[in-house]
1. Restricting to the stretch 372-385, count the residues that are farther than 16 Å from Ser333 by Cβ and either within 9 Å of the ligand (Cβ to nearest atom) or surrounded by 24 or more Cβ atoms within 10 Å (Cβ to Cβ) (or both).
2. Return yes or no: is Ser364 buried (at least 22 other Cβ atoms within 10 Å of the Cβ), touching a helix residue (DSSP H, G or I) at 6+ places or on another chain (Cβ under 8 Å) and in contact (Cβ under 8 Å) with a residue 40 or more places away in the chain?
3. I need the full set of residues from the stretch 92-113 which are outside any helix (DSSP H, G or I) and more than 18 Å from the chain's Cα centre (by Cα), in order please.
4. All but one of (1) closer than 18 Å to Ala123 by Cβ; (2) in contact with a strand residue (DSSP E or B) (Cβ under 6 Å, 6 or more places away or on another chain) hold for Val93, so report the exception by its number.
5. Any idea which residue in the stretch 8-29 is modelled with the lowest pLDDT, counting only those that are out of contact with any helix residue (DSSP H, G or I) (no Cβ under 8 Å at 6 or more places or on another chain) and part of a loop (DSSP other than H, G, I, E, B)?
6. Please specify each residue of the stretch 409-446 satisfying the condition of being touching a Gly at 6+ places or on another chain (Cβ under 6 Å) and touching a residue at least 60 places away in the same chain (Cβ under 8 Å).
7. Of all the residues that make up the stretch 380-396, how many are touching an Asp or Glu at 6+ places or on another chain (Cβ under 8 Å), in a strand (DSSP E or B) and free of Cβ contacts under 8 Å to residues at least 60 places away in the same chain?
8. Listed residues Val329, Val362; which is more than 10 Å from the ligand (Cβ to nearest atom), among the β-branched types (Val, Ile, Thr) and at negative phi?
Amino acid sequence: MSFNFITAAEAASYIKDGDIVGLSGFTPAGSPKAVTAELAKIAEEKHARGESFQIGLITGASTGDSCDGMLTRAHAIKFRAPYTTNADFRKAVNNGEINYTDIHLSQVAQRLRSGFLGHVSVAIIEACEITEDGRIYLTAGVGITPTIARLADKVIVELNAAHSKSLIGMHDLYEMERPPYRRPIPIVRPSDRIGLPYIQVDPSKIAGVVETNMPDEARGFHESDPVTDKIGQNVAEFLASDMRRGIIPSTFLPLQSGVGNIANAVLSALGKDPSIPPFEMYTEVIQNSVIKLVKEGRIKFGSTCSLSVTNDCLQDIYDNMDFFRHKLVLRPSEISNCPEVVRRIGVISMNTAIEADIYGNVNSTHICGTKMMNGIGGSGDFTRSAYISIFSCPSTAKGGCISSIVPMVSHLDHSEHSVNVIITEQGIADLRGKSPMERAEAVIENCAHPDYKQLLWDYLKISTKGQTCHSLSAALGMHQVFINKGDMRLTDWAEFQK
Ligand code: 0RQ
């Protein structure tokens, strides 16, 4: 059988109003780009004619602008899950235009298999190679691809020449069984391989192959600044000290690191700290800083769901595949983020908070309790099962008008029971083994910005005594003052005690 080579517009025309569409990739890495852009055009044309056209969209994680951005601007998304970073999508969600379900990334494939998210009609999969017997070789990100490829009625392949075929062999693709009595995931070290380097699809399901040559729509990074550098140094210092105390073995433990500027800066600092030995990563995204450390020999091996790097960095990997081939493995998100494996191999998780409260609860997703930022991503998959779970963030945001350390988080993603350590540029609060009041002292004293320390101590003074001291009328007072006056520093606790 030979494939039906079609244009992106033709492929998009196979997708109907109301379909649930699953996408390959994880972050812009490995996400389709051509068919979704054409789909946005179809939606616009249909809307102009007064016809309805909206799809449900299920992805591995965030995608690029030609997916989340263009489909949002075309009002073509009815609902979507999970994590995304697109600014237009964020606006539409916060305006109530799109139903957004924010799911732990390790659970998306399982929820699809179990039918919680409806039936996937079409899977759009980016590939670097496809064979006539239906083997699909993926590109720089995996996400939920094995599951959508199996569940979907139709598969559309974007065969993207911008990705090197030298990627073949780097993937380890394995789909979990359905419960009950499923067998353990047999990974005991980050480099273990348990699956196949390709996805096997029934060739008769492949509705068409679209040939493209489009680079990933990767995001760049801000240059690190003194604040992110200091956070990175504090994380490195904390881990080195745990190693000296024997809490972390001298071989070190596998690290997970989230996305974004802070995560990038933290890894750079870890790489520079001579007291931390070369280490492995068991993580969901590998950013530029990791690739640099692999080249320098500071990172021995990286297990990931995506190469979420800038395009020049990706090209560097492709150009030096002989070096990288045995140092990286790309896995589906249900395995890269598998809590069972994370707990077994002792991963140290390092994620970024939007805000943390004085008791160690963390908000990773919402601004002032109501507006979605990106989503929980894989942070919960790792935090709850980690050997040590770390959250870091700058002590303030928006030019100092917001304190990232607050009396009570305005939205809860990671609770005090799962969060071990909070780190800002001000210092380190080690919360392990501490009571709520001991935690509050550590967080205020070590992590809060000097502009907010007294305000937070004063909050404790007006709180009702108990295991966890709070004033229910004032707990979200700093947020309310920011909303009313634009600066949390103007908080006067007396206003909340009337
Ligand atoms: O706003 O963009 O307008 O300047 O949030 O903050 O400091 O640049 O940090 O890029 O690392 O992102 C938590 C969002 C941090 C990210 C979050 C504003 C701040 C800025 C970005 P501007 P920074 P980062 C792996 C694991 C959740 C999921 C996760 C994230 C913008 O790391 O999405 O960890 N994490 N997944 O000004 C108001 C506050 C604020 C605030 C920051 N308290 N109030 N605004 N900001 N704190 C990923 C995957 O799973 C794929």
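1. 1
2. Numbers: buried (at least 22 other Cβ atoms within 10 Å of the Cβ): yes; touching a helix residue (DSSP H, G or I) at 6+ places or on another chain (Cβ under 8 Å): yes; in contact (Cβ under 8 Å) with a residue 40 or more places away in the chain: yes.
So Ser364 passes the test.
3. Asn95, Gly96, Glu97, Ile98, Asn99
4. Among (1) closer than 18 Å to Ala123 by Cβ; (2) in contact with a strand residue (DSSP E or B) (Cβ under 6 Å, 6 or more places away or on another chain), the lone unmet condition for Val93 is (1).
5. Filtering first and then ranking leaves Thr27.
6. Keep residues of the stretch 409-446 that are touching a Gly at 6+ places or on another chain (Cβ under 6 Å), which gives 410-411, 416, 419, 431, 439, 446.
If the condition is that a residue be touching a Gly at 6+ places or on another chain (Cβ under 6 Å) and touching a residue at least 60 places away in the same chain (Cβ under 8 Å), then Ser410, Val419, Leu431, Arg439 are the ones that fit.
7. 1
8. Working: Val362 fails: more than 10 Å from the ligand (Cβ to nearest atom).
After ruling out the rest, the residue left standing is Val329.
The values are calculated or read from the model by the stated rules, or taken from the named source; none is laboratory data. Every value quoted in this text rests on a predicted model; they were computed, and no experiment measured them. Cβ: placed from backbone, ideal geometry, glycine included. Neighbour counts: every protein chain shown.
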